[in-house]
Amino acid sequence: MRISVIGCGYLGAVHAASMAKLGHDVVGVDTDPAKVESLAAAEAPFFEPGLPELLRESVGSGRLSFTTDTAEVADAAVHFICVGTPQRKDGYAADLTYVDQAVAALAPHLAPGSLVAGKSTVPVGTARRLAERLAAVQPKASLAWNPEFLREGLAVQDTLHPDRIVYGVPRDGVGGDAERAEALLDEVYAAPLAEGVPKLVTDHATAELVKVAANSFLATKISFINAMAELCEATGADVTALADAIGMDVRIGRKFLNAGLGFGGGCLPKDIRAFMARAGELGADQALSFLAEVDSINMRRRVRMVDLAREVSGGSVVGRRIAVLGAAFKPDSDDVRDSPALNVAAQLQLQGADVVVTDPEANENAGKVWPTLKFADSADEAAQGADVVLLLTEWKQFRDLDPVTFGKRVRSKRILDGRNVLNPQAWRDAGWTYRALGRP
Ligand code: UDX
């Protein structure tokens, strides 16, 4: 099948390479010439495990190419919209500029019978609005919403082995032919991808909501356990043991109950905010008022970590050497968008600390956001002469640090475990003052 993927960021680049892996003839379109050039040379413009290999294979086989010119994909049967929907600068709502621009650029080139399939996370109602616009230009094209649930760091695996496939197809005559939309998507995701994977076919609005509802639930689960961490701190209880115990109830489950510095990244924070903004526009803001609490519990974790650093530094961080392990919003990623780790590092620097950050993959991106921070190539280098060490992103190399040898680097053996991943006893036995969020 000939497929186009409009927008080649985290979502689009992985989707394009994965669809080529399935055997399709794929063209990725992006307005950024530098990104197109890098992808066309089979170089991933960001860190994502498995993507470089996939790009080399697909570009090498000739099944995957990239362009800045939308006219070149006029003969594709399915066009996936994968552009970003960041938070608007003037509030919480999603900025739909890129989605609108992509659809406007594509519409005049659409072949009769082709399908536009949205994958970007959008406010509910967007698909219908776009369908109306497309109908005015190419009434014989259809529009579906086909949300994507990939996680950074596991994006290739999540795309090729999804746990469900959701199609939002036209239901009331707006958006073209529902049966054709479903048949084309089935052809895209034919076996082996779809084998044994549950498929849910629904209307546009439900499909749009599935994505934001899922992300809101995940964010709520994290903030729930972080709220419990606050209670644990107030009572001397241990949130990790609490999470293990409640997680054994299969109705609750242990996943996404890791208390610590909270969530960040390009999805969960902006998605819950955009969802609240959209609910407000729909007159249903009360239904999501709990998400404001989810957001504020999450942001409080960062403040708490800075307070803890000040506390163990004797009341002030001014002039203190602080080593920060981690800058990415999570391990196995170089993404620093809304990163809790980078936010804490920056706050400490603003309060007068001498901060050295190290991240296996994200130093460069972090330096673009906070150029005044110092960066080191390893945990050992960052910890040289440190008064306090903060573990803020749980990369494997940080989880595996040996408290005895690592202790020889620092001036004072004080470690704050922002992700509850170290063994407190092992660190205390090696002479460290160990503190964590939600653990005694
Ligand atoms: C998320 C969703 O998981 C994915 O389905 C959706 O498509 C995009 O948004 P992603 O942002 O890549 O994916 O990361 P995820 O693994 O969900 O982690 C998000 C944040 O939550 C990270 O900052 C992580 O450190 C934090 N987190 C996660 C916790 O603090 N505790 C947990 O138990 C789990």
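Laboratory data are not the source of any read-out in this text; all were calculated from the coordinates shown. Please read these numbers as outputs of a predicted model, since none were measured by experiment. Every residue, glycine as well, gets a Cβ built from its backbone with ideal geometry; the counts of neighbours run over all protein chains shown.
Near Gly319, within a Cβ-to-Cβ distance under 10 Å, what is the net charge of the other residues, with Lys and Arg +1 and Asp and Glu -1?
The answer is 0.
Which of the lysines could be linked to Lys270 by a straight reach, that is with a Cα gap under 20 Å, when you skip same-chain ones fewer than 8 residues away?
Lys89, Lys119, Lys211, Lys221, Lys330
Rank these for me by crowding, Val14, Val250, Val369, going from fewest to most other beta carbons within 10 Å.
Val250, Val369, Val14
Over the chain, what is the percentage of antiparallel beta bridges among all DSSP beta bridges, to the nearest 5?
Beta bridges within the chain, antiparallel portion: roughly 5 percent.
How large, in Å, is the stretch 258-306 by the Kirkwood hydrodynamic radius built from its alpha-carbon pairs?
Taking every pair of different Cα atoms in the stretch 258-306, averaging 1/r and inverting gives 11.6 Å.
Based solely on its DSSP helices, what 222 nm [θ] is calculated for the chain when runs of n ≥ 4 H residues each add -39,500 (n - 2.57) and the sum is averaged over all residues, nearest 500 deg cm²/dmol?
-13000 deg cm²/dmol
Around Tyr10, what is the net charge, scoring Lys/Arg as +1 and Asp/Glu as -1 over all other residues with Cβ under 9 Å from its Cβ?
Net charge in that neighbourhood comes out at -3.
Net charge near Gly418: determine it from the other residues with C-beta under 15 Å of the C-beta of Gly418, scoring Lys and Arg +1 and Asp and Glu -1.
Every neighbour counted, the sum reads +4.
Report the rotationally averaged projected area of the stretch 203-440 based on its alpha-carbon convex hull, in square nanometres.
14.1
Just report the Cα centroid separation between the stretch 83-107 and the stretch 118-161, whole Å.
That distance is 13 Å.
Can you tell me which of Thr121, Thr206, Thr97 moves the most in a GNM of the chain? Springs connect C-alpha atoms under 10 Å apart.
Checking each option, the largest mean-square fluctuation is seen for Thr97.
Using alpha carbons only, how many degrees (0 to 90, rounded to 10) separate the axis of helix 126-137 from the longest principal axis of the chain?
Its long axis makes an angle of about 30 degrees.
Please give the helix 289-312 orientation as an angle from the longest Cα principal axis of the chain, in degrees from 0 to 90, rounded to the nearest 10.
That helix lies at roughly 30 degrees to the long axis.
Once each part is reduced to its C-alpha centroid, what is the distance from the stretch 1-21 to the stretch 250-307 in angstrom?
29
Scan the stretch 132-211 for GluC sites (Glu not before Pro) in coil per DSSP, keeping those whose Cβ has at most 14 other Cβ atoms within 10 Å, and list them by number.
Filter output for the stretch 132-211: Glu195.
For a Förster distance of 45 Å, can you work out the FRET efficiency between the beta-carbons of Arg151 and Val318, rounded to the nearest 0.05?
0.70
Take the chain, connect every pair of alpha-carbon atoms lying under 10 Å apart with a spring to form a Gaussian network, then pick out the residue of Val197, Val156, Val212 with the largest mean-square fluctuation.
Of Val197, Val156, Val212, the Gaussian network model singles out Val197 as fluctuating most.
Evaluate the charge dipole of the stretch 2-197 about its Cα centre and quote only its size in Debye, nearest 20, assuming +1 on the Cβ of each Lys and Arg and -1 on the Cβ of each Asp and Glu.
360
If I take R0 = 45 Å and measure r between the Cβ atoms of Ala194 and Leu282 in this structure, what FRET efficiency does the formula 1/(1 + (r/R0)^6) give, to the nearest 0.05?
0.85
Relative to the longest principal Cα axis of the chain, at what angle does helix 204-235 sit, 0 to 90 degrees, rounded to 10?
10
If the chain were replaced by its equivalent ellipsoid, with semi-axes equal to the square roots of 5 times the Cα gyration tensor eigenvalues, what would those be, largest first, whole Å?
42, 24, 19
For the peptides 322-329, 348-355, 422-429, what is the packing order when you average, over each peptide's residues, the other Cβ atoms within 10 Å and list the highest mean first?
Listed from highest to lowest mean packing, they are 322-329, 348-355, 422-429.
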